[in-house]
Ligand code: FES
């Protein structure tokens with residue numbers, strides 16, 4: 001799978017997230033205490049922008065109905081009946097940039 005540069009690491013300080021674009025997708029990059037993760041921007045429930053949600057630790061909470069997702073695994077941590085997980089992508093730091101592996 002191709003790796004795509006999506007942001008400079010300096011744009012995503014620890015505890016923050018950043019909306020980026022790559023390969024015609026909206027991707028959210030998360031810096032969780034120095035560990036980098038990435039996901040689709042659209043919430044798997046009804047499509048709200050997770051980049052407008054709240055990030056605490058490795059958990060992002062959707063701004064619309066407050067479902068929470070583990071950005072490391074995509075698992076919904078607030079609703080055991082959630083029909084599908086958040087789509088997450090492998091992410092890496094290299095040469096001061098954030099790279100994401102897209103399908
Ligand atoms: S759209 Fe995200 S929880 Fe409903």
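Throughout, read-outs are computed from the coordinates displayed, never taken from laboratory work. Since the model is a prediction, treat every value here as computed from it, not as a measurement. Ideal geometry is used to build each Cβ from the backbone, glycine not excepted, and the neighbour counts take in all protein chains shown.
Summary table
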item: Residues of segment 67-93 classified as exposed (fewer than 13 other Cβ atoms within 10 Å of the Cβ), touching a residue at least 12 places away in the same chain (Cβ under 8 Å) and over 20 Å from residue 4 (Cα atoms), total; result: 2
item: Residue tally, condition within 11 Å of the chain's Cα centre (by Cα), farther than 10 Å from residue 17 by Cβ and not in a strand (DSSP E or B), over segment 42-63; result: 2
item: Number of the condition not met by residue 41 [criteria: (1) within 12 Å of the ligand (Cβ to nearest atom); (2) touching a residue at least 24 places away in the same chain (Cβ under 8 Å); (3) in contact with a helix residue (DSSP H, G or I) (Cβ under 9 Å, 6 or more places away or on another chain)]; result: (2)
item: Residue under evaluation residue 103, criteria (1) away from the ligand (no atom under 12 Å from the Cβ); (2) part of a loop (DSSP other than H, G, I, E, B); (3) touching a strand residue (DSSP E or B) at 6+ places or on another chain (Cβ under 7 Å), criterion not met; result: (3)
item: Every residue from segment 44-63 that is free of Cβ contacts under 8 Å to residues at least 24 places away in the same chain, more than 10 Å from the ligand (Cβ to nearest atom) and either surrounded by 13 or more Cβ atoms within 10 Å (Cβ to Cβ) or farther than 18 Å from residue 13 by Cβ (or both); result: 52, 54, 59
item: Some residue of segment 86-94 being outside any loop (DSSP other than H, G, I, E, B) and within 16 Å of the ligand (Cβ to nearest atom); result: yes
item: Members of segment 20-32 found to be under 19 Å from residue 94 (Cβ atoms) and in a loop (DSSP other than H, G, I, E, B), listed by number; result: 23
item: Failed condition for residue 66, given (1) within 14 Å of the ligand (Cβ to nearest atom); (2) more than 14 Å from residue 89 (Cβ to Cβ); (3) not in a loop (DSSP other than H, G, I, E, B); result: (3)
